[in-house]
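Enquirer: To start, I am sharing the structure in question, which I have written as structure tokens.
All of the numbers you see were taken from the coordinates with simple rules; none came from a lab. All figures in this text were calculated on a predicted structure; none of them were measured in a lab. FYI the Cβ positions are ideal-geometry reconstructions off the backbone, even for glycines, and counts take in every protein chain you see.
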Amino acid sequence: MKIVFIGPPGAGKGTQCKMLSGKLKIPHISTGEMLRNLGGDSAQMVHSRIDRGHFAPDDFMLPLMKDRLSQPDCESGYLLDGFPRTMLQAEAFDASLSAADHQLEHVVHLEVDPEELIARLAFRQRTGERLDDSAEFIRERFQIYAERTAPLLSFYREQGLVRDINGTQSAEEVFAEVLAATS
Ligand code: AP5
Ligand code: MG
């Protein structure tokens, strides 16, 4: 089972993936978490971008994900939270799946009212957990999502993979819809 989650910042991708990963017993792969926890030579370059809501470069993401998805825990499937995020990533991912004779089962699209998204991120901002939750970067994250990630929905719609979910409900209600759409 290979599922991609797509939705704007604060849509609940991480929340839903955690719940579904527990149920399906397949790994939840959050590229945002991977990048925030990154050490080594590239850490400064990556953090200086993502802490302001800017994407890590595609040519950094592709080998990182190739390596992650080849790990043994991915053999029976995975939930992707935050990848692919650009058309170039989606096309490269598609090509690598085809080359391995694998396929995606679902693309879960979490749709949430903009006011609700802002409220969720503003609430989380108070915890100081994420530098990119500061008010000056939130608007930019939405704009980058609209420009660079939302177009992936047409790409996956053409393949009949998109499951539109109303994400403006409680996490449990959203999860019930996610389960119904993916089982
Ligand atoms: P990432 O970590 O993926 O951030 P994001 O897309 O901005 O999304 P969030 O994690 O803020 O929200 P979410 O949809 O996961 O919602 P959550 O469950 O947390 O990426 C961070 C950055 O890394 C990117 O901006 C980019 O720079 C970089 N990056 C990542 N992948 C990349 C890639 N492939 N290429 C290049 N760069 C990449 O919920 C949000 C809040 O709402 C939480 O507080 C939660 O408790 C609450 N909540 C969740 N569901 C509900 C609900 N139903 N009702 C009420 N509250 C809820
Ligand atoms: Mg997240």
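Enquirer: Counting just the residues of segment 1-22 that are of a type outside the set (S, T, N, Q) and in a helix (DSSP H, G or I), which one comes out surrounded by the fewest Cβ atoms within 10 Å (Cβ to Cβ)? It would help to see each step written out before you state the result.
Expert: Just the residues of segment 1-22 that are of a type outside the set (S, T, N, Q), to begin with: 1-14, 17-20, 22.
Narrowing the set further to residues that are in a helix (DSSP H, G or I) leaves 13-14, 17-20, 22.
Details: K13: 24, G14: 16, C17: 24, K18: 17, M19: 19, L20: 21, G22: 10.
Restricting to residues being of a type outside the set (S, T, N, Q) and in a helix (DSSP H, G or I), the top hit is G22.
Enquirer: Kindly indicate whether L121 is in contact (Cβ under 8 Å) with a residue 40 or more places away in the chain and outside any loop (DSSP other than H, G, I, E, B). Steps first, answer last, please.
Expert: On the way: in contact (Cβ under 8 Å) with a residue 40 or more places away in the chain: yes; outside any loop (DSSP other than H, G, I, E, B): yes.
Answer is yes for this residue.
Enquirer: With respect to M61, is the statement that it is under 21 Å from E140 (Cβ atoms) and touching a Pro at 6+ places or on another chain (Cβ under 8 Å) true? Walk me through it before giving the result.
Expert: Values: under 21 Å from E140 (Cβ atoms): yes; touching a Pro at 6+ places or on another chain (Cβ under 8 Å): no.
No: the conditions fail for M61.
Enquirer: Which residues, taken from segment 96-146, are surrounded by 12 or more Cβ atoms within 10 Å (Cβ to Cβ), among the polar types (S, T, N, Q) and either within 29 Å of D67 (Cα to Cα) or touching a helix residue (DSSP H, G or I) at 6+ places or on another chain (Cβ under 6 Å) (or both)?
Expert: Within segment 96-146, S96, Q125 meet the criteria.
Enquirer: From the list E33, E115, which one is of a type in the set (D, E, K, R), assigned to a helix (DSSP H, G or I) and within 16 Å of ligand 2 (Cβ to nearest atom)? Please lay out each step first, then the result.
Expert: Working: E115 fails: within 16 Å of ligand 2 (Cβ to nearest atom).
Answer to the check: E33.
Enquirer: Does segment 23-55 hold any residues that are crowded, with 20+ Cβ neighbours inside 10 Å and hydroxyl-bearing (S, T, Y), and which are they?
Expert: Hits for segment 23-55 are S30, T31.
Enquirer: For segment 140-174, how many residues are farther than 15 Å from H109 by Cβ, not in a loop (DSSP other than H, G, I, E, B) and not basic (K, R)? Reasoning before the result, please.
Expert: Step one: filter segment 140-174 for residues farther than 15 Å from H109 by Cβ, giving 140-144, 147-148, 170-173.
In the following step, the residues that additionally are not in a loop (DSSP other than H, G, I, E, B) were identified as 140-144, 147-148, 171-173.
Narrowing the set further to residues that are not basic (K, R) leaves 140, 142-144, 147, 171-173.
Here the count works out to 8.
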